[in-house]
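The values are calculated or read from the model by the stated rules, or taken from the named source; none is laboratory data. All values reported here derive from a predicted model rather than from experimental measurement. Here Cβ is always computed from backbone atoms with ideal geometry, including for glycine, and neighbour counts include all displayed protein chains. The area values use the complete protein model at the heavy-atom level, side chains included, leaving out ligands, DNA and RNA. Shrake-Rupley method; radii C 1.70, N 1.55, O 1.52, S 1.80 Å.
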Amino acid sequence: LREGHLVPVCFVSARNGAGVGELLDIITRLLANPAEGNPPDFFRGEGNAAELMHARPDPDAHVLAQVFKISIDPYVGKLGFVRVHQGTIRAGTQLYVGDGRKPFKVSHLYLQQGKGHVEVPSAGPGDICALAKIDELHYDAVLHDAAEDSHIHLKPLPFPVAVHGIAIAPKRRGDEQRLSELLGKLVSEDPCLRVEHVPATNETIVYGLGELHLRVLLERLREVHKLEVDTHPPRIAYRETITQNAAAQYRHKKQSGGAGQFGEVHLRIEPLPRGAGFEFVDQVKGGTIPGQFMPAVEKGVREALAEGVIAGYPVQDVRVIVHDGKHHAVDSKEIAFVTAGKRAFQAAIRDAKPVVLEPIARVHITAPESAMGAITGDLSTRRGMVSGTDSGKLGQMTVTGQAPMAELADYQSRLNAMTAGQGSYSLALSHYEVVPPSVQQQLTSQHKVRDEE
């Protein structure tokens, strides 16, 4: 069994307990005990110079233990479940976490029995115990009692990439901080969960391995932590840009009894290569716009960039050149040039043939060879493109390609249907491309409806 030559298959009934006793008997008689087992290899140091360390099931040797699970209990707090591979952990022992230079003291050792905790004095090779209320613990951490400068670690386990996402927000206002803290705790428990805040859409998105994975997370938030949340599919982070040069000017003039507001800005805009971002160029000569007001002009332009013009998405890959303007010795103020800069930029961009850009994802799909035709055909219908295929092991193949993010929102369920649940995929942002005219028209119409509302 230790060599993997035999794999026992045992049939038991959880309903009436039939076979449970025999299963436990097989575990105690036939499976390798800790002294006979295959402890994992530990490494000391970083990179190629890391020194291999073979753990020995010796209770008198230095401590080597692995945190294989983190649990956040609402009543007990943070629990780290530890498997001891070498040495003995006792109450009062000082241990280090990985490359941590500050030791922590083991105050209590617990044996987990269902929901109960039984305190034990020590844990040796092969034992599984729990440590409570130690903030330094994290998943896959190595506990040891070696010198402070020793970075002892395990080879990290490969996990599937979490690509199925939902946007999440609390139902009650004021619960945002609590939601953030709870999501942090749940991510520390589950290495296959990922939380990301997208500034472009101002959404908090939770990524998991599939619909069921995320459903369990939402149930835990509701049942265990008593937090009600709203969810919806994540918004696609579209962008806007321009395709030709344009120029405009705007005069902001306001008079209301006392001191007024005055500012005039003349500017040109030019497209930049894809991914270049934003450039602001000051070409004003002769002091027509005093230097102290140029930051206000740039602020106004950046406000317009963030709001978008045709579809309400941020503008990128554009150069703004301010070349002229006017000011008033008394009425010119920063607020006047902020407004003038913003309105001049908005007027110019409408004449520069603006377009909407959509994010294009790199897609890696692994699935049985028999499903390759269905997968490549489906990618084509989603405006995608296959760039290559590669044969793998056991009849598996990998397809690489590109597709718009907007077409991949429900791809997990579609892939499951095409591969009978045997397919997996990963996504990564590749670049931005101009959307088709029909999509741009739809996005522009939706923006007009939102503006009217």
query = What list of ³J(HN,Hα) values in whole Hz, one per residue of the range 263-278 in order, does the Karplus curve 6.51 cos²θ - 1.76 cosθ + 1.60 (θ = phi - 60°) give from phi, with Gly and Pro shown as x?
reply = x, 10, 10, 10, 9, 10, 10, 9, x, 10, x, 4, x, 6, x, 9
query = Loop-only check: which GluC sites (Glu not before Pro) in the range 220-267 are DSSP coil with at most 16 other Cβ within 10 angstrom?
reply = Glu228
query = Which value, in debye to the nearest 20, gives the size of the charge dipole of the chain about its Cα centre, when Lys and Arg are +1 and Asp and Glu are -1 at the Cβ?
reply = 1180 debye
task = May I ask you to give the solvent-accessible area per residue for the chain, in square angstrom, as obtained with a 1.4 angstrom probe?
result = 56 Å²
query = Calculated FRET efficiency, Asp390 and His431, Cβ-Cβ r, R0 22 Å, to nearest 0.05?
reply = 0.50
request  = Find, among the trypsin sites (Lys or Arg not before Pro) in the range 74-133, those assigned to loop by DSSP (not H, G, I, E, B) with at most 13 other beta-carbon atoms within 10 angstrom.
outcome  = Arg101, Lys115, Lys133
note = Checked against the structure, the computed Cα extents along the principal axes in Å among (i) 58, 56, 46; (ii) 113, 52, 50; (iii) 91, 55, 48 is the one labelled (iii)
request  = Would you mind classifying the range 1-101 by shape? Square roots of the alpha carbon gyration tensor eigenvalues, ordered a ≥ b ≥ c; an a/c under 1.5 is rounded, otherwise it is prolate if a/b is larger than b/c and oblate if not.
outcome  = oblate
Local electrostatic count at Thr204 - Lys and Arg +1, Asp and Glu -1, tallied over other residues with Cβ under 10 Å = -3
query = Within the set Lys333/Lys448; Lys115/Lys185; Lys326/Lys353; Lys253/Lys448; Lys115/Lys226; Lys299/Lys448, which residue pairs have Cα atoms separated by over 23 Å?
reply = Lys333/Lys448; Lys326/Lys353; Lys253/Lys448; Lys299/Lys448
query = Looking at the range 1-107, which GluC sites (Glu not before Pro) are DSSP coil and have at most 14 other C-beta atoms within 10 Å of their C-beta?
reply = Glu3, Glu36, Glu46
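For the range 154-239, what does the alpha-carbon gyration tensor say about shape, rounded, prolate or oblate, given a ≥ b ≥ c as the root eigenvalues, a/c under 1.5 as rounded, and a/b over b/c as prolate?
Since a/c reaches 1.5 but b/c is at least a/b, the shape of the range 154-239 is classed as oblate.
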key: Reach of Lys342 by Cα under 12 Å, taken over aspartates and glutamates that are not fewer than 8 positions away in the same chain   = Glu264, Glu298, Glu303, Glu307
Relative contact order %, the chain, counting alpha carbon pairs below 8 Å whose residues are six or more apart = 11 percent
